[in-house]
1. How big is Rg to Rh over the chain, alpha-carbon atoms, Rh as the Kirkwood inverse-mean-distance radius?
2. Which one, Leu11, Leu73, Leu87, has the greatest fluctuation when you compute a Gaussian network model over the chain with C-alpha springs under 10 angstrom?
3. Under a 5 Å amide H to amide H cut-off, with H placed in plane at 1.01 Å, what residues pair with Leu60 once short-range neighbours are removed?
4. Rounding to the nearest 20 debye, state how big the charge dipole of the chain is about its Cα centre with +1 on each Lys and Arg Cβ and -1 on each Asp and Glu Cβ.
5. Can you pull out the trypsin sites (Lys or Arg not before Pro) in region 1-36 whose DSSP state is coil and whose Cβ has at most 16 other Cβ atoms within 10 Å?
6. What residue among Ala39, Leu5, Leu54 has its Cα farthest toward the positive end of the dipole of the chain, where the charges are +1 on Lys, Arg and -1 on Asp, Glu, each on the Cβ?
7. Under a GNM of the chain (C-alpha, springs under 10 Å), which listed residue has the highest mean-square fluctuation: Asp18, Asp26, Asp46?
8. Can you give the angle from 0 to 90° between the axis of helix 73-98 and the longest principal axis of the chain, with both taken from C-alpha atoms, to the nearest 10?
Amino acid sequence: MKNVLLVNALLLILFLSDTYGGRVHDKRIADATPYPLPAGSRLLQDLGFLAFTLPQVEILMPTKKPSGEELTLEQHLANQALHQRRLRIEHVNSSVKRCRIVKDR
């Protein structure tokens, strides 16, 4: 089962999408979900949402490594900083699953 969560900087869940089967791609879920983000918000997302955008929302996403090349040191450090922030959010995701907050179907 899959859901998309919106989690704020204090790690509070602000929004939980509908539940979808495990074969549905993350971006398809995101496209079908109305997000309650105000203009000027910043959205941290992973590469599963590569082409997903919202109007007037800044998207923070790791830089993808070009094929046959390496990332610059600056890109690598920026990716590490995003990863540290995302890791905290992944702990929230695992808590939702572990505590069965989302109903199994």
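1. Values: Rg = 14.8 Å, Rh = 15.2 Å.
That ratio equals 0.98.
2. Its mean-square fluctuation being the largest, the pick is Leu73.
3. Answer set, sorted by chain and number: Leu43, Leu44, Gln45.
4. Charge dipole of the chain: 520 debye, to the nearest 20.
5. Arg23
6. Leu5
7. So, out of Asp18, Asp26, Asp46, the one fluctuating most is Asp18.
8. It is inclined by approximately 10 degrees.
Here, each number is a calculation from the coordinates, and none is a lab measurement. Note that the structure is predicted; figures quoted are calculated from it, not measured. A quick note on method: Cβ atoms are made from the backbone with ideal geometry, for glycine too, and the neighbour counts reach across all protein chains shown.
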